[in-house]
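Since the structure comes first, as structure tokens, the remarks are kept for the end.
The values are calculated or read from the model by the stated rules, or taken from the named source; none is laboratory data. Please read these numbers as outputs of a predicted model, since none were measured by experiment. All Cβ positions, glycine included, derive from the backbone under ideal geometry; neighbour counts span all protein chains shown.
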Amino acid sequence: MKKTLLITGATGFIGKHLLECLEKNYADKYDIVLLSSTSHDVFKTVLHNDYTFTKDDFHQIGIIHINIVLHIGAFIPKSGPEANNIKESNSNISNTKYLLDHLPNIPSKFIFLSTIDVYGAMDTIIDEYKQPTPLTMYGWSKLYCEKMIESWALDNKVVIQLLRVGHIYGKGEEAYKKVIPVNLQRIKNGENPQIFGSGKEKRSFLHVDDVCNLIIKSLDLERYEGVINLCSNKSYTIKEIIELLLKITNSNLKIEYKQSHLQGIDYVFDTSKMNQLLGYEQVSIEDGLKDEYN
């Protein structure tokens, strides 16, 4: 028997890829309801995402019972300065609270996409046991949502899963002013790629197809497993990433180094918990970057 799955954030970078994966591989397992600002070609059941809906609005579109909620929708900063936007960061908290209060029923399971930004600056390999110390309002807002959902789930006997998503890349990330899409566009324009600082800081990039597969596998977890980081266990320096982009594009351009007053931070992860409970990443960084470029 199919389960009814409510998804928020279906029009975002991860959300779009997730819907494609569900449509292709899981259409016989889930009936999808979207909390979205726009309709979708395949999943027609849409409750508009203005966070003023009521339980009656679910009933009007024929939804009486939700089995699982997958809460992806959130304000996500597209550049560094946006990470301390107070109004938008607060909306993550208020919208999550509104969602919890206005579901048509108490679901059996609730999956929440948080962020590795809750960790702040760490000088060691990061695992799920590290104490969160956010550096931005965005990071604090997601950490508050985690605690709120844990408390709500305890009160209502709901199985939850908190997934802290790391640095994700792939087709569709062009809206974000991140190192990969920005420098890919520069290379396509015939401009030298740029690195701010030394480029020695490490990042662990996970392809969007991998993160979607891992999210879907989390739907089958039978109990709350605590926080799980969705990251790559392979880390590369920013310089190595840019050099790989130049190699993939067969470009003779040179890296330009720009001065930066910011201290470089490494983000390297122990993914043993993810690997044990959800599986392993499948897309190599080279294949993923080739796909994004092409």
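Just one of the listed residues (249, 237) is in contact with a helix residue (DSSP H, G or I) (Cβ under 7 Å, 6 or more places away or on another chain) and under 17 Å from residue 285 (Cα atoms), namely 249. Among (1) in contact with a helix residue (DSSP H, G or I) (Cβ under 7 Å, 6 or more places away or on another chain); (2) over 30 Å from residue 143 (Cα atoms), there is one condition residue 208 misses while meeting the rest; what is its number? Of the numbered conditions (1) in contact with a helix residue (DSSP H, G or I) (Cβ under 7 Å, 6 or more places away or on another chain); (2) over 30 Å from residue 143 (Cα atoms), the odd one out for residue 208 is (2). In summary, residue 272 fulfils each of the numbered conditions (1) within 17 Å of the chain's Cα centre (by Cα); (2) within 30 Å of residue 149 (Cα to Cα) with the single exception of condition (1). Scan the range 90-106 for residues that are crowded, with 16+ Cβ neighbours inside 10 Å, more than 18 Å from the chain's Cα centre (by Cα) and hydroxyl-bearing (Ser, Thr, Tyr) and the total you get is 0.
Conditions (1) in a helix (DSSP H, G or I); (2) among the basic types (Lys, Arg), marked per residue:
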{"site": "177", "(1), (2)": "no, yes"}
{"site": "180", "(1), (2)": "yes, no"}
{"site": "184", "(1), (2)": "yes, no"}
{"site": "187", "(1), (2)": "yes, no"}
{"site": "191", "(1), (2)": "no, no"}
{"site": "195", "(1), (2)": "no, no"}
{"site": "216", "(1), (2)": "yes, no"}
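Can you confirm whether the range 172-191 contains a residue that is of a type in the set (A, V, I, L, M, F, W, C), out of contact with any strand residue (DSSP E or B) (no Cβ under 9 Å at 6 or more places or on another chain) and closer than 22 Å to residue 91 by Cα? Yes: one or more hits. Of the listed requirements (1) at pLDDT 95 or above; (2) over 24 Å from residue 17 (Cβ atoms); (3) buried (at least 17 other Cβ atoms within 10 Å of the Cβ); (4) among the charged types (D, E, K, R), residue 201 misses just one: (1). Within the range 256-283, the set of residues being more than 23 Å from residue 218 (Cβ to Cβ) and surrounded by fewer than 17 Cβ atoms within 10 Å (Cβ to Cβ) comprises 256, 257, 258, 259, 260, 261, 262, 263, 264, 265.
Out of the residues in the range 109-142 that are under 14 Å from residue 71 (Cα atoms) and not charged (D, E, K, R), which is surrounded by the most Cβ atoms within 10 Å (Cβ to Cβ)? Step by step, filter the range 109-142, then rank; the result is 113.
Within the range 109-154, the set of residues being aromatic (Phe, Trp, Tyr) and not in a loop (DSSP other than H, G, I, E, B) comprises 110, 112, 138, 140, 144, 152. For the range 143-174, the candidate set comprises residues that are under 14 Å from the mean Cα position of the chain (by Cα) and among the small types (Gly, Ala, Ser); within that set, the residue that is surrounded by the fewest Cβ atoms within 10 Å (Cβ to Cβ) is 172. For residue 99, indicate whether it is in a helix (DSSP H, G or I), more than 28 Å from residue 138 (Cα to Cα) and not hydroxyl-bearing (Ser, Thr, Tyr). So residue 99 does not fit the description; no.
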